[in-house]
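J.: First, the structure itself, so that you have it in front of you.
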Amino acid sequence: VHNYKVVVLLETFGAFRNLNESIFIFQRKVYIMNKLSLIAIIWVWCCVVNGQLPVDKPFYFAYPSMFINQPIRPQNDGMEAQLFNRNGELFGRRSLFQGVILLEIKRLQATTTSLARQLKDSNDALVRTRQELSTTQQNVMDLSVELDGKADQTELDITNANVLKKADQTELDKTNGDVLDLQTKTSPSSIGSIPTSCEDLKSIGLVKSGIYSVMSNKQVQGVYCDFTKSTTSADFQKSIGYVNVRSFPVYFYAQRDGNYDVVDTVIPFNKINLNEGTALDGSTGEFLAPLNGKYFFSYSGLCWDNEAKIQLQIRPSGTSPWLKIGDAHCTTFNTLSIQSTLQLVEGDGVRIYLSLGTTHDADGNHFTNYVGWLLGRYLLITSFVLVK
């Protein structure tokens, strides 16, 4: 748009300059012609005054050219040169040369009049041209204003388009960033171990406050995590309590039919009422822990005709000796009992051992009662390896 405006202005000013140059050349020519004509008139007048043109002397004719310094003397035939006017009347030589001068003056006047007319016409043409130039300049200015407006609108449209494009690109970049952030937050992540705190849960991507389970002291603990708080805040993590985690229930209830008097042996149980998890072997009387966790055991019985004594024993997994946990003693026809809560590892064994006397279960009385169950499971962590 700006290039077009410049071209229009240059062409307009170029035409005006060419017109001014043409008028100047024409005026120069008129000036030179007027000057030459005036010089010629003055020269002829001087020649007449100085007698170089013998208009008063007989037998001389003026040379046809006015620019010859001396007249030419022809052969004298005894007659004066004569000329006739339009009425057939004779003119003398004086009249002849005066007529020539008058004719030349009239020709110069006619030429001057023609040149004046041409000059007037040229001036009129120049005025019209200037008016046309003024109109053209006004049109160019109006066109320039219009083009500027269009150019500004075009630039504004381009700017708006660029702004919208950049805005769209910015929104697209922000959306892509949000998508990547969402993908990061929703992608599977791990800290390489079981989480032990709300801080661990936050590090793997949890952001919603609520109650979660974490590992604490080999047990599953329920905690409330407020992720709107700083990790150093006292309200960031609050303990709710321990979770009773059971992959499957473990409990039993056993009795005996008949007395048992084999000292220094394990008391077997030939009546199994409950055995969820099949951890108790009634024929051997041994309980084998199927899971890591805390277990409760309780045994009660009746002495026969003399005193009796029993032991609650445990054998850690992978070892051979049995260890005594506790004793129970009774006298004739009195009861004995023993209870214990034990923390066992999978494979640990528990049994009731008769070290003295006889237990009484004759006549189908079932004085012997042996129960046990899993109170709560815990996880044993070693080098980030989960062991049941």
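The values are calculated or read from the model by the stated rules, or taken from the named source; none is laboratory data. As the structure is a prediction and not an experimental result, all values here were calculated from the model. Every residue, glycine as well, gets a Cβ built from its backbone with ideal geometry; the counts of neighbours run over all protein chains shown. The protein model used for the area step is the full one, side chains on, heavy atoms only, and it has no ligands, DNA or RNA in it. Shrake-Rupley method; radii C 1.70, N 1.55, O 1.52, S 1.80 Å.
J.: Is there a residue being basic (Lys, Arg), more than 30 Å from residue 306 (Cβ to Cβ), under 48 Å from the mean Cα position of the chain (by Cα) and not in a loop (DSSP other than H, G, I, E, B) anywhere in the stretch 209-230?
T.: no
J.: Can you name the residue in the stretch 104-122 that is free of Cβ contacts under 8 Å to residues at least 60 places away in the same chain and either under 14 Å from residue 26 (Cβ atoms) or open to solvent by 80 Å² or more (accessible area, probe 1.4 Å) (or both) and is also farthest from the chain's Cα centre (by Cα) among such residues?
T.: Checking each candidate, the answer is 106.
J.: In the stretch 341-364, which residues are more than 15 Å from residue 299 (Cβ to Cβ), in contact (Cβ under 8 Å) with a residue 60 or more places away in the chain and assigned to a loop (DSSP other than H, G, I, E, B)?
T.: 348, 358, listed by residue number.
J.: Looking at the stretch 365-381 only, could you name the residues that are among the aromatic types (Phe, Trp, Tyr) and in a loop (DSSP other than H, G, I, E, B)?
T.: 367
J.: Here is a further query. Against the condition surrounded by 10 or more Cβ atoms within 10 Å (Cβ to Cβ) and at pLDDT 55 or above, how does residue 82 come out, does it pass?
T.: no
J.: Assess whether residue 187 counts as being surrounded by 14 or more Cβ atoms within 10 Å (Cβ to Cβ) and free of Cβ contacts under 8 Å to residues at least 60 places away in the same chain.
T.: Considered against the rule, which asks whether it is surrounded by 14 or more Cβ atoms within 10 Å (Cβ to Cβ) and free of Cβ contacts under 8 Å to residues at least 60 places away in the same chain, residue 187 comes out as no.
J.: Within the group 67, 97, which residue is part of a helix (DSSP H, G or I), over 27 Å from residue 17 (Cα atoms) and modelled with pLDDT under 75?
T.: Every option except 97 fails the conditions.
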